[in-house]
Amino acid sequence: MTTQDAAKRKAAEAALAYLEPGEVLGVGTGSTVNHFIDLIAEKRLQADIPGAVSSSNATTERLKKIGIRVLDLNDTGTLSIYVDGADEANAHLQLIKGGGGALTREKIIAAASRTFVCIVDESKLVGVLGKFPLPVEVIPMARSYVGRQLTALGGHPVLRDGVTTDNGNLILDVRGLDIVNPVELEARVNAIAGVVSVGLFAQRPADVLIVGGPSGTRTIK
Ligand code: 5RP
């Protein structure tokens, strides 16, 4: 296991403390979340989890493999806990997400959850968001139009090659944005016709950020 992977696993392990027995869980996507799912299995915690709402087909498969029922968010109502990773996080717990392409469902589950626990290794912590290219999910016919609008905002959008999201859409990865006002930029990108969602989680940031490093974890709230 690489040092970064070990740090992700530490963060994932610390998130187990937020599990609420008997409560349906929201589960994100990515390698850090995969550690979280694996740890649930290793520690045999499945019996405490009546079901989970999943943010992607990949996570759904992994949850089912360890015997956790995957539920429709329309049937669960508000979730108490959502656990997910991030590509970047700042000190205000605002995030860039979507490196794994699951940003839209992740955003929906984050919005529908009381507590969003974000798990990252320390390489993801930044002062200003935007070094990681900002993912934007777009309706296929709007790809070019949305690209021009993002360029007008100062970004350099690039189509993520060969990727179709679980929702049948495309992803533009936008470089070159210094995201000094994440809430405002999120609103501006959301307002472009054809944008399904933007991987900025600023209007609804995480509530708890668990950062894994070589000597353990620290939690920012
Ligand atoms: C997927 C995501 C992931 O949370 C993000 O890409 C982090 O992934 P990893 O845990 O593999 O570093 O937003 O859409």
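The values are calculated or read from the model by the stated rules, or taken from the named source; none is laboratory data. The structure displayed is predicted, hence computed values, not measured ones. Note that each Cβ is placed from the backbone with ideal geometry, even for glycine, and that neighbours are counted across all protein chains shown. Heads up: the accessible areas ignore ligands, DNA and RNA and are worked out on the full protein's heavy atoms, side chains in. Shrake-Rupley method; radii C 1.70, N 1.55, O 1.52, S 1.80 Å.
Details
- By a 1.4 Å probe calculation restricted to protein chains, H156 has an accessible surface near 120 Å², given to the nearest 10.
- In the chain, helices alone account for a calculated mean residue ellipticity at 222 nm of -8500 deg cm²/dmol, with every DSSP H run of four or more residues adding -39,500 (n - 2.57).
- When both bridge partners sit in the stretch 1-112, DSSP labels roughly 20% of those beta bridges antiparallel.
- Using a cutoff of 8 angstrom between alpha carbon atoms and counting only pairs six or more residues apart, the relative contact order for the stretch 155-221 works out to 19 percent.
- As a length-normalised measure over Cα pairs under 8 Å and 6 or more apart, the relative contact order of the stretch 81-221 settles at 33 percent.
- Length-normalised contact order of the stretch 77-142 in % [C-alpha pairs under 8 Å, at least 6 apart]: 45
- Per-residue accessible area (protein heavy atoms, 1.4 Å probe) orders T60, T151 as T151, T60, starting from the largest.
- Ranked by the mean number of other Cβ atoms within 10 Å of their residues, highest first, the peptides 197-209, 43-55, 132-144, 94-106 come out as 94-106, 197-209, 132-144, 43-55.
- Amide H within-cut-off set for S113, under 5 Å, with H built and near neighbours excluded: L79
- Rounded Å value of the spacing that divides the Cα centres of the stretch 125-166 and the stretch 17-61: 29
- Heavy-atom accessible area order for Y82, Y18, Y145, largest first, 1.4 Å probe: Y145, Y18, Y82
- The listed residues E88, E13, once ranked by accessible area (1.4 Å probe) with the largest placed first, stand as E13, E88.
- Between A17, A187, A86, the residue with the greatest mean-square fluctuation in the GNM of the chain (Cα pairs under 10 Å linked by springs) is A17.
- DSSP bridge pairs, the chain: antiparallel proportion in percent, nearest 5: 55
- Label-point separation in nm, A47 to D166, each point 7 Å along Cα→Cβ: 2.9
- Rounded if a/c under 1.5, otherwise prolate or oblate - the stretch 91-140, Cα gyration tensor axes: oblate
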